[in-house]
Amino acid sequence: MTEPPVDRAATAFADALAHLREERGLSKKQLAAEMGFDPSYVSHVEAKRHRPTEDFARRADTVLRASGTIWQLFREYDDARSASGGRHTGGGRRLGPPEQRQNLQAGLIVERELAELSFSGGRYHCLVRRALYNAGTEPVTRYLVRVAVDRYPGEPERSNRYYRTHPLTWTELELTARSAGESMMIRPTHDRDSFKEVWLLFENADSRFPLYPGQRTTIEYEYSCGEDKWGTWFQRAIRLPTERLTVRLDFPAALDPVVWGVESSFTADAAPLRTPIASRAEGDRVTFDWATDNPPLNARYRLEWRFRGVAGLPSDRMRAAGVVQRGAPILNTPARRFDLPADRALAEDVVERLQETLGRVMGLHDFKKGAGIAAPQVGIGWSAAIVRPTDPSLGGEIVLINPSIVASSTEHDEQYEGCLSFFDVRGRVPRPTVIDVRHQLPDGTPVVTRFDRALARLVAHEIDHLEGVLYPDRMISGVPVVPVSEYEAAGLPWRY
């Protein structure tokens, strides 16, 4: 049986309320306290046992800073109830908007939005340009902007653990904004590990420039984020009436990107975009464009991608496989040690991430000397690494948690090494032929393991990563690295 329109509208209201509450990091009790309602009432509305009221919708929209989203859904519910024979909440009068002084974006229309995301040098850069029209009755003095990242969509627990230890910071975002050539002041309102929210103010240190009724302006805001914090998706949510939305992705052609998209809302599951994504190649870049006219309020359009990395430099392929590249600050920062066994779940999660990434990497290159990867190379600043010998006689995968070299031989040798974080070159590095390494099992049990020759070199290389050291720092002064195209021992094991 088809759900009646009034029930669908009530469900949409409840789902949006729960979604925005969770996005703000509020419990039902906290939301109720800020709204001045009993906590049980919020629970009943979200569970669809109670229908929303006008007062509830007004307060929820203001407290959640929903920019009219909650209010619009309530109006749709109220209209549906009236059409089904019920009464308008306002005793037959047409409901007015929440107080303009509370909802300072009421009346705004987005005539055009262009959202561009580009990727280069291991960083994503986002530029959003919106042409605004004030169709309301009050001056608009601020504009709400949200920034959210998620490396593990669909895995909230894993994502939460990751961002608790590697939070998104204001410093790395480098958020700036302009309106008609004037810089806009930025006032943070919400700061979570993977989510930021700010008001862009129509003012700066020199002047104020409100958007008055009947006026138009264009605002631009932009920010950056490293690939270790981003995810392979870019979503636009329609929170204000919008006449034209265009989304553009700009990627290096060498990464061989493939892009697709889905659309969803509070009342509809994700489905493929209704129109195709256009692509064009220009030099060494590939651009993907998608647009839609008059998208409905609360619609969400999400573009996703994958870097197939079948072309380009070796470092491009490593980047495409999820390896952080040289120049990222995390590669020069000592990793944090786990507190075991308290951090056991976190340590096991990090090791699993390393195994997944190294599995992808080993599908891109024939590692005759063995391979390893450390947590900073996948954007995780914890002390964990894995090593996989390719010679069966050397055993299987080696997991290193909180490792440190406690003894080493006086005998050294020099061999060429490569690094997944700058895989285009090789460098000749002196290292001890035998090392003793103290490390821990996930339950905290301490272990000391001796490694020699090839394994000693592989393990020492990964421990260096955990100490913020890259192999050029170990090379003899004045000896240059060799381009991989000139390296003559590719595909050969080290010789002893």
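The values are calculated or read from the model by the stated rules, or taken from the named source; none is laboratory data. This one's a predicted model, so the numbers in the text were calculated from it and none came from an experiment. For neighbour counting, all protein chains shown are included, and Cβ atoms are generated from backbone atoms with ideal geometry for every residue, glycine included.
Give the number of residues within segment 406-422 that are touching a helix residue (DSSP H, G or I) at 6+ places or on another chain (Cβ under 7 Å) and either part of a loop (DSSP other than H, G, I, E, B) or basic (Lys, Arg) (or both). Give the steps one after another, and end with the answer.
So in segment 406-422, the residues touching a helix residue (DSSP H, G or I) at 6+ places or on another chain (Cβ under 7 Å) come out as 415, 417, 419-422.
After this cut, where a residue has to be either part of a loop (DSSP other than H, G, I, E, B) or basic (Lys, Arg) (or both) as well, the list is 419.
Looking only at that region, the number is 1.
So, residue 397, is that one charged (D, E, K, R), within 30 Å of residue 171 (Cα to Cα) and surrounded by fewer than 14 Cβ atoms within 10 Å (Cβ to Cβ) or not?
On the way: charged (D, E, K, R): yes; within 30 Å of residue 171 (Cα to Cα): no; surrounded by fewer than 14 Cβ atoms within 10 Å (Cβ to Cβ): yes.
No, not satisfied.
Being at pLDDT 95 or above and of a type in the set (Ser, Thr, Tyr): is that true of residue 165 here? Step through it out loud before you land on a result.
Numbers: at pLDDT 95 or above: no; of a type in the set (Ser, Thr, Tyr): yes.
Answer is no for this residue.
It is to be established whether one or more residues within segment 194-211 are assigned to a strand (DSSP E or B), in the same structural domain as residue 160 (by TED's automatic domain parsing), in contact with a strand residue (DSSP E or B) (Cβ under 8 Å, 6 or more places away or on another chain) and of a type in the set (Ser, Thr, Tyr). Before the answer, list the steps.
At the first step, the residues of segment 194-211 found to be assigned to a strand (DSSP E or B) are 195-201, 203, 208, 211.
Keeping just the survivors that are in the same structural domain as residue 160 (by TED's automatic domain parsing) gives 195-201, 203, 208, 211.
Those left that are additionally in contact with a strand residue (DSSP E or B) (Cβ under 8 Å, 6 or more places away or on another chain): 195-201, 203, 211.
Checking which are of a type in the set (Ser, Thr, Tyr) leaves us with none.
No, segment 194-211 contains no residue that is assigned to a strand (DSSP E or B), in the same structural domain as residue 160 (by TED's automatic domain parsing), in contact with a strand residue (DSSP E or B) (Cβ under 8 Å, 6 or more places away or on another chain) and of a type in the set (Ser, Thr, Tyr).
Being among the basic types (Lys, Arg) and in contact with a Ser or Thr (Cβ under 7 Å, 6 or more places away or on another chain) is the filter; apply it to segment 190-249 and report the residue that is modelled with the highest pLDDT. Write out each step before concluding.
The initial filter retains those residues of segment 190-249 that are among the basic types (Lys, Arg), namely 192, 196, 208, 216, 229, 236, 239, 244, 248.
Next, from what is left, pick out any that are in contact with a Ser or Thr (Cβ under 7 Å, 6 or more places away or on another chain): 239, 248.
Values: 239: 84, 248: 98.
Only one residue fits best here, namely 248.
Quick check, is residue 155 out of contact with any Leu (no Cβ under 8 Å at 6 or more places or on another chain) and either among the basic types (Lys, Arg) or modelled with pLDDT under 90 (or both)? If you could, list the steps in order and put the result at the bottom.
On the way: out of contact with any Leu (no Cβ under 8 Å at 6 or more places or on another chain): yes; either among the basic types (Lys, Arg) or modelled with pLDDT under 90 (or both): yes.
Yes; evaluated as a whole, the condition is true for this residue.
Select from segment 240-258 the residues that are aliphatic (A, V, I, L, M) and surrounded by fewer than 19 Cβ atoms within 10 Å (Cβ to Cβ) and write down the one among them that is farthest from the chain's Cα centre (by Cα). Can you show your working first?
Here is the first cut: in segment 240-258, the residues aliphatic (A, V, I, L, M) are 240, 245, 247, 249, 253-255, 258.
From the residues that got through so far, the ones that are surrounded by fewer than 19 Cβ atoms within 10 Å (Cβ to Cβ) too are 253, 258.
Numbers: 253: 22, 258: 18 Å.
So the residue we want is 253.
Of the numbered conditions (1) more than 20 Å from residue 451 (Cα to Cα); (2) of a type outside the set (S, T, N, Q); (3) at pLDDT 90 or above; (4) touching a Ser or Thr at 6+ places or on another chain (Cβ under 7 Å), residue 322 satisfies every one except a single condition; which is it?
Of everything listed in (1) more than 20 Å from residue 451 (Cα to Cα); (2) of a type outside the set (S, T, N, Q); (3) at pLDDT 90 or above; (4) touching a Ser or Thr at 6+ places or on another chain (Cβ under 7 Å), residue 322 misses just condition (3).
Sort out which residues of segment 410-439 are at pLDDT below 95, of a type outside the set (A, V, I, L, M) and farther than 16 Å from residue 494 by Cβ, and write them in order of number.
Matches in segment 410-439: 410, 421, 422, 423, 424.
Restricting the search to segment 16-30, which residues are modelled with pLDDT of 85 or more and either on the phi > 0 side of the Ramachandran plot or among the hydroxyl-bearing types (Ser, Thr, Tyr) (or both)?
27
Hey, among the residues in segment 280-303 that are assigned to a strand (DSSP E or B) and either of a type in the set (Gly, Ala, Ser) or outside the structural domain of residue 154 (by TED's automatic domain parsing) (or both), which one's modelled with the highest pLDDT? Even if it seems obvious, please write down each step before you answer.
Step one: of segment 280-303, the residues assigned to a strand (DSSP E or B) are 280-282, 285-293, 300-303.
Applying the additional criterion that residues be either of a type in the set (Gly, Ala, Ser) or outside the structural domain of residue 154 (by TED's automatic domain parsing) (or both) yields 281, 291.
Working: 281: 94, 291: 97.
Out of the qualifying residues, it is 291.
I need the full set of residues from segment 131-169 which are in contact with a strand residue (DSSP E or B) (Cβ under 9 Å, 6 or more places away or on another chain) and part of a helix (DSSP H, G or I), in order please.
Correct list: 163, 165.
Residue 41 passes all but one of (1) surrounded by fewer than 20 Cβ atoms within 10 Å (Cβ to Cβ); (2) of a type outside the set (Asp, Glu); (3) within 31 Å of the chain's Cα centre (by Cα); which number fails?
Exception for residue 41: condition (3).
Under 6 Å by Cβ, and 6 or more places apart or on different chains, what pairs join a residue from segment 335-350 that is assigned to a helix (DSSP H, G or I) with one that is among the aliphatic types (A, V, I, L, M)?
347/401; 350/375; 350/380; 350/384
Need the failing condition index for residue 249 against (1) out of contact with any helix residue (DSSP H, G or I) (no Cβ under 6 Å at 6 or more places or on another chain); (2) farther than 27 Å from residue 109 by Cα, just the number.
The failed condition is (2).
Yes or no: segment 197-216 includes at least one residue that is under 22 Å from residue 117 (Cβ atoms) and hydroxyl-bearing (Ser, Thr, Tyr). Step through it out loud before you land on a result.
Within segment 197-216, the subset under 22 Å from residue 117 (Cβ atoms) is 197-198, 200.
So of that shortlist, the ones also hydroxyl-bearing (Ser, Thr, Tyr) come out as none.
Within segment 197-216, none of the residues are under 22 Å from residue 117 (Cβ atoms) and hydroxyl-bearing (Ser, Thr, Tyr).
What strands (runs of 3 or more DSSP E) lie completely within segment 224-274 and have 3 or more residues being farther than 29 Å from residue 21 by Cβ? Show your work before the answer.
Values: elements: 233-237, 244-252, 257-264.
Once the strands (runs of 3 or more DSSP E) in segment 224-274 are filtered for at least 3 residues that are farther than 29 Å from residue 21 by Cβ, what remains is 244-252, 257-264.
I need the full set of residues from segment 319-366 which are surrounded by fewer than 18 Cβ atoms within 10 Å (Cβ to Cβ) and of a type in the set (A, V, I, L, M, F, W, C), in order please.
Those that are surrounded by fewer than 18 Cβ atoms within 10 Å (Cβ to Cβ) and of a type in the set (A, V, I, L, M, F, W, C): 342, 345, 362, 364.
Looking at segment 170-177, can you tell me whether even one residue there is over 13 Å from the mean Cα position of the chain (by Cα), assigned to a strand (DSSP E or B) and touching a residue at least 40 places away in the same chain (Cβ under 8 Å)?
Checked segment 170-177: at least one residue is over 13 Å from the mean Cα position of the chain (by Cα), assigned to a strand (DSSP E or B) and touching a residue at least 40 places away in the same chain (Cβ under 8 Å).
When the residues of segment 211-224 are narrowed to those that are surrounded by fewer than 20 Cβ atoms within 10 Å (Cβ to Cβ) and in contact with a Phe, Trp or Tyr (Cβ under 7 Å, 6 or more places away or on another chain), which ends up farthest from residue 259 (Cα to Cα)?
Only one residue tops the list, namely 216.
For segment 440-495: of the residues being of a type in the set (Lys, Arg) and more than 36 Å from the chain's Cα centre (by Cα), which is surrounded by the fewest Cβ atoms within 10 Å (Cβ to Cβ)?
That would be 495.
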